[in-house]
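Take a look at the structure below.
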Amino acid sequence: MKVYINPDRRQWQELCARPSADNSAIRERVEEILRRVREGGDAAIKAIEAEIASAAAPSAATGARQEVGGTPSIPEALREAIAAAAANIRAFHAAQLPKTIEVETTPGVRCIQKPVAIRKVGLYIPGGTAPLFSTVLMLAIPAKLAGCEQVILCTPAGPDGQINPVVRYAAEYCGVDRIFPIGGAQAIAAMAYGTETVPKVDKIFGPGNRYVTTAKQILGGTSVAIDMPAGPSEVMVIADNGTDADCAASDLLSQAEHGRDSQVMLVCTSEAKAAEIQARVQARLEQLPRRDIASSALNNSRCVIFERQEDIIDFADTYAPEHLIVSTSDPWAISSHISAAGSIFVGPYTPESAGDYASGTNHTLPTSAWARSYSGVNIDSFMRKMTIQEISREGLERLGGTIVTMAEAEGLQAHAQAVKARLK
């Protein structure tokens, strides 16, 4: 991690840049996959997955849809952990359920805002090197709480053509309706367009690799709603002289091990503490099974030293991290002033991994500085707000003049006539 000491504000945008990659080849490949699935359905999915695996792969076209029932056996300790995490996630998200709002804005003019669940949602759960069964909890629990009528799930199958057993268990536990062993951009296409066996959904949720992310971004502008723009995982850790270096190092590595294109940022108040934390990062790195991945991510990462708290806060808001860990002697003095972060972890006993698994908050969060304008997944992500209004004759008599005056000023005479006709 390269160290920058009190960098000039003109450097901040450069320091906050995420790892860049030429996505042109990926986009071209994804667009081809989307076209093939749109035109060929299940058969196209089978062919694409066979090409990717260089062997015949199961697909919806060959009966790949797996019923959620018939859950495989998993260790009892893991069942208990899933149950405990699910209870916390359910409690936090249930508290977010919105209420119907009704306001009489003018006598005789009744305006209503009614929360309505999105009917059909699709969840994408990454497989690959780390099948994220925890993401099943983060997405399926709020979907069911919101009242979504149909919740389907796509996830890559293993070499044996089977879905990871813990992912299957979590899906059944959370009430997922249907599960398909399909991965990559072809899974996103299947849920966006619908195939002979995969139902078309109204909104797609979930993280994934660059192929999945690119597919979501393309389809999100044309065919289906998506949860948010997302990219590689990231964390910023803010530390001072009182920070436990070992804990800070662990927090940095917990994100670095996600993927080679992940990014971690260390912000310190002193060079000595920064050096101590970086030394612990290197020592702990050698103990990690995924040290090659984490080491690559550290090459994308930086350490910044600031003497003033004001600069720390402003720099954090400029970076707008997916995860922000504030582990200083007075963490709320910083945390309470942050306005752009996906999720904030406050104090020495709050690791980012708590939010990833079991504290109750959602771990599906905006990356790449999208935290400035997007929320992480929450109960509202699975709902929409519909407005309803009813006006009595007396109400229209009171409001009609205002409507007519405004409509005529805009040159929209039919709008004005719609009022006048009712008041004849």
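Laboratory data are not the source of any read-out in this text; all were calculated from the coordinates shown. Predicted model, so just to flag it, every value in this text is computed and none were measured. All Cβ positions, even for glycine, are placed from backbone atoms using ideal geometry, and neighbour counts span all protein chains on display.
Quick look at the numbers
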quantity: Computed lengthening from LYS200 to ILE112, 0.36 nm per intervening residue step minus Cα-Cα distance; calculated: 28.7 nm
quantity: Region 78-135: trypsin sites (Lys or Arg not before Pro) in DSSP loop, at most 10 other beta carbons within 10 Å; calculated: LYS99
quantity: ALA94-GLU28 pseudo-label distance in nm [points 7 Å out on the Cα-to-Cβ vector]; calculated: 5.3 nm
quantity: In nm, spacing of pseudo-spin labels at LEU15 and ASN241 (7 Å Cα→C-beta vector); calculated: 2.1 nm
quantity: Residues with amide H under 5 Å from that of PHE345, placed H, sequence gap 5 or more; calculated: LEU324, ILE325, VAL326
quantity: Residue of ALA185, ALA230, ALA17 that the Gaussian network model of the chain assigns the largest fluctuation, springs spanning Cα pairs under 10 Å; calculated: ALA17
quantity: Region 213-220 - phi-based ³J(HN,Hα) in whole Hz, Karplus 6.51/-1.76/1.60, Gly and Pro as x; calculated: 4, 5, 4, 4, 5, 5, 6, x
quantity: Across LYS385/LYS420; LYS99/LYS200; LYS120/LYS216; LYS114/LYS420; LYS114/LYS424, pairs whose alpha-carbon gap is larger than 23 Å; calculated: LYS385/LYS420; LYS99/LYS200; LYS114/LYS420; LYS114/LYS424
quantity: Inter-label distance, nm, simple model (7 Å from Cα along the C-beta direction), ALA130/LYS385; calculated: 3.5 nm
quantity: Amide H contacts of ILE226 (H built 1.01 Å from N, under 5 Å, at least 5 apart or other chain); calculated: ILE204
quantity: MET236, MET228 arranged by Cβ crowding within 10 Å, fewest neighbours leading; calculated: MET228, MET236
quantity: Neighbour cut-off at most 12 other Cβ (10 Å), DSSP loop, GluC sites (Glu not before Pro), region 318-424; calculated: GLU410
quantity: Förster-model FRET efficiency, 51 Å R0, THR222 and ALA421, C-beta, rounded to 0.05; calculated: 0.85
quantity: Residue among VAL267, VAL304, VAL103 with the largest mean-square fluctuation in a Gaussian network model of the chain, springs linking Cα atoms under 10 Å; calculated: VAL103
quantity: Net length gained if the chain between ARG290 and TRP332 were fully extended (0.36 nm per residue, minus Cα distance); calculated: 11.8 nm
